[in-house]
Amino acid sequence: MGTLLVRNARVLVTMDDARREIARGEMLIRDGFIEAVGERNSLSPRADVIVDLAGHIVLPGLINTHHHLYQSLDRAWPASQNMSLTGWLQGLYPRWETLTPGTIARAVELGLAEIVLSGCTTVADHQYLWPKGLAASALFDIAAGFGIRFHLGRGSQDLGRAQGGFAPESLVEQADHILAHTADLIAQFHDTRPGSFRQVFVAPSSLRSATAELLRASAVLAAEKGVQLHFHLGETAGEIDFALHKYGKRPVQVAQELGCLTAETWLAHGVHFNPDDVAVLRRCGCGICHCPSSNMRLGSGIAPVRHYLDQAIMVGLGVDGSASNDSSNLLSEIRTAVLLSRVAAENDASFLGARTVLEMATRNGAKLLGRNDIGRLVPGCAADFIAIDSGRIELAGSEDPVAALAFCALTRVDHSWVHGKRIVREGKLVGVNLETLIERVCSGSRQDR
């Protein structure tokens, strides 16, 4: 791949341990990995490719730690527009019963196009519906077409509506098949090398969608294979009622006793945890993915993120699916997280600061995914970074350009690189005609109906 020199950034936000922000920063990249960062003219001026980012804010590529990409064609679905989680699912499951591999592929393509434009360079997709014929290889190939790092969660449900779950029986799978397929995907695709583009994690959907037996076996499988474990927990108050009725315990206690809460576990949502729950999560070393837009859309509540961070619980950021967010935009999610934290705050000290949320979307996200090679702009890390022109109208007048990225209403980055390869140039996808993609995806969706 050769060498790439990034020069003259207005601010280079490293997200290193010292949280350095280097004015007129430079970065030297060799074969996809960062070799050096420094101030202006501090690095060798020679490189195969030199990129001048004068006036731009440069920071690590954003990491989306919870998505359901198959939902990208379900925005503003009429039957679910004004429903909380249970009613929302009831409105969508008849549609999802008709999903085909082709429909899911088009949805994944659309969702990835949108999220890449918002600065995402790594995405964790919780794919918990597997219609006949759906191949994980197809999903990885679509991600490769955008040049993005893709973590695929082999999601699962073996608890149907008749047993108190959400899904119709047609979308429920047998636990033995789920576990065997998950192990097969790990063997085929999970790559632990530095700079890996493909990883797999174990992802039973939730306490209300998976039996205790599947949850326990999923935790064992994740531990045996050395991969991350991910599932929904604490999303709604209704989950507490379900767990108390079925198990006689709160959801966190159930998950802990099933062996699902470890330092290799991260949870989606985490809205409804009491002090005892938080203490358990802290002891276990679990992380949480905050999905503010989805939680607002479904009326689930406001996760006390500041409190979690103060308790040394790692918190990242996710967009969730477009059926409950209606977009796949991580820049928008950053701003929403900043603003929403202030709605429920008891005082100013409880506010989430702009830099805190940017950290959640970068280095924290990497930690949730079990990676130390992304999320920071430091020597040895993969060269995943984004650049935003501080002269844009959305940022004009800001005295603090880094904080402005979170406070101001941005929706697209100007440039993005993954492993030193540019995937967004001047706000457009590299090698992808967006208009053609949208027409093809939507045309195929209309034919499906």
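The values are calculated or read from the model by the stated rules, or taken from the named source; none is laboratory data. This is a predicted model, so every value here is computed, not measured. Ideal geometry is used to build each Cβ from the backbone, glycine not excepted, and the neighbour counts take in all protein chains shown.
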Legend entry - Considering residues of region 11-48 that are of a type outside the set (A, V, I, L, M) and crowded, with 21+ Cβ neighbours inside 10 Å only, the residue farthest from GLY380 (Cα to Cα): GLY25
Inset, instruction - Would you please name the residue that is nearest to LEU410 (Cα to Cα), looking only at residues in region 112-168 that are aliphatic (A, V, I, L, M) and part of a strand (DSSP E or B)? - result: VAL123
Inset, instruction - Residue by residue through region 108-127, note down the ones that are aliphatic (A, V, I, L, M) and in contact (Cβ under 8 Å) with a residue 40 or more places away in the chain. - result: LEU110, LEU112, ALA113, ILE115, VAL116, LEU117, VAL123, ALA124
Legend entry - Residue in region 70-80 that is without any contact (Cβ under 8 Å) to a residue 40 or more places away in the chain and in contact with a Pro (Cβ under 9 Å, 6 or more places away or on another chain) present: yes
Inset, instruction - Considering every residue within region 134-142, establish whether at least one is out of contact with any Gly (no Cβ under 6 Å at 6 or more places or on another chain) and over 21 Å from SER196 (Cα atoms). - result: yes
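Take the conditions more than 24 Å from ARG440 (Cβ to Cβ), modelled with pLDDT of 95 or more and either assigned by TED's automatic domain parsing to the domain that holds GLY318 or not small (Gly, Ala, Ser) (or both) and apply them to ALA124. Does it pass?
Yes: the conditions hold for ALA124.
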Inset, instruction - Report yes if GLY111 is crowded, with 22+ Cβ neighbours inside 10 Å and within 25 Å of LEU330 (Cα to Cα), otherwise no. - result: yes
Legend entry - From ASN329, ASN325, ASN274, residue being in the same structural domain as LEU73 (by TED's automatic domain parsing) and surrounded by fewer than 24 Cβ atoms within 10 Å (Cβ to Cβ): ASN274
Legend entry - Residue list for region 62-81, filter: farther than 12 Å from TRP96 by Cα, of a type in the set (A, V, I, L, M) and in a helix (DSSP H, G or I): LEU69, ALA79
Legend entry - LEU59, sole failed condition from (1) modelled with pLDDT of 95 or more; (2) closer than 30 Å to SER398 by Cα; (3) out of contact with any Lys or Arg (no Cβ under 7 Å at 6 or more places or on another chain); (4) surrounded by fewer than 24 Cβ atoms within 10 Å (Cβ to Cβ): (4)
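Going through GLU235, GLU239 one at a time, which residue ends up being part of a loop (DSSP other than H, G, I, E, B) and either over 24 Å from ALA337 (Cβ atoms) or acidic (Asp, Glu) (or both)?
GLU235
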Legend entry - Residues of region 237-270 classified as within 20 Å of GLY153 (Cβ to Cβ) and either in contact with a Gly (Cβ under 9 Å, 6 or more places away or on another chain) or crowded, with 20+ Cβ neighbours inside 10 Å (or both), total: 15
Inset, instruction - Could you please find all residues in region 189-224 being surrounded by fewer than 16 Cβ atoms within 10 Å (Cβ to Cβ) and either on the phi > 0 side of the Ramachandran plot or under 22 Å from the mean Cα position of the chain (by Cα) (or both)? - result: ASP191, THR192, ARG193, PRO194, ALA223
Legend entry - Among (1) closer than 30 Å to GLY427 by Cα; (2) at pLDDT 95 or above - the single one THR182 does not satisfy: (1)
Inset, instruction - Give me a count of the residues in region 82-107 that are of a type in the set (Lys, Arg) and either in contact with a strand residue (DSSP E or B) (Cβ under 9 Å, 6 or more places away or on another chain) or free of Cβ contacts under 8 Å to residues at least 24 places away in the same chain (or both). - result: 1
Inset, instruction - Go through region 177-202 and give me each residue that's touching a helix residue (DSSP H, G or I) at 6+ places or on another chain (Cβ under 8 Å) and of a type in the set (A, V, I, L, M). - result: ILE178, LEU179, ALA183, LEU185, ILE186, VAL200, VAL202
Legend entry - Residue that is surrounded by the most Cβ atoms within 10 Å (Cβ to Cβ), among those in region 62-80 that are among the hydrophobic types (A, V, I, L, M, F, W, C) and in contact with a Leu (Cβ under 8 Å, 6 or more places away or on another chain): ILE63
